[in-house]
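K.L.:
Below: one structure in structure tokens.
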Amino acid sequence: MATCFSIQDYQLQKGIAVKPSQKEQITVDIYPKNELKIKLESAVSATIIGLSHKELQTLTDYSLTTIRSKASQQKSVTTKDGVTYRYNKNPEVLKWVIY
């Protein structure tokens, strides 16, 4: 009948010297669901910078009504200085962002 040994047990039994291996360490952060959501929301809001309709109006010759209309039609708007914006309809954003 065969006996099963782990590799480490076999090496110890036979007196084989083995250099201890360095194990990689991995750190995993575990957050409660609500804390993770807050961290993700803050990351999203921190990375997306945009303009409101009113702010974009000051940079263009368009009326506020025209700005809102272009947003709903997903049309881009180019400012007086040549920068083109599009409206991001994502509920987390809802801003004019550089296109």
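The values are calculated or read from the model by the stated rules, or taken from the named source; none is laboratory data. Computed from a predicted model, the values in this text were never measured in an experiment. Don't worry about glycine lacking a Cβ; one is built from the backbone with ideal geometry, like all the others, and counts go over all protein chains shown. Accessible surface is based on the protein model in full, side chains and every heavy atom, while ligands, DNA and RNA are left aside. Shrake-Rupley method; radii C 1.70, N 1.55, O 1.52, S 1.80 Å.
K.L.:
Checking Glu41 against (1) at pLDDT below 60; (2) assigned to a strand (DSSP E or B), which test does it fail?
P.N.:
Against the list (1) at pLDDT below 60; (2) assigned to a strand (DSSP E or B), Glu41 comes up short only on (2).
K.L.:
Taking the condition open to solvent by less than 100 Å² (accessible area, probe 1.4 Å), modelled with pLDDT of 65 or more, closer than 16 Å to Tyr99 by Cα and small (Gly, Ala, Ser), does Ser69 pass?
P.N.:
no
K.L.:
What tally of residues in the stretch 87-97 results from selecting those that are within 16 Å of Ile49 (Cβ to Cβ) and either in contact (Cβ under 8 Å) with a residue 60 or more places away in the chain or out of contact with any Lys or Arg (no Cβ under 8 Å at 6 or more places or on another chain) (or both)?
P.N.:
5
K.L.:
Return the only residue of Leu59, Leu64, Leu94 being open to solvent by less than 90 Å² (accessible area, probe 1.4 Å), at pLDDT 60 or above, within 24 Å of the chain's Cα centre (by Cα) and not aromatic (Phe, Trp, Tyr).
P.N.:
From the options Leu59, Leu64, Leu94, the qualifying one is Leu94.
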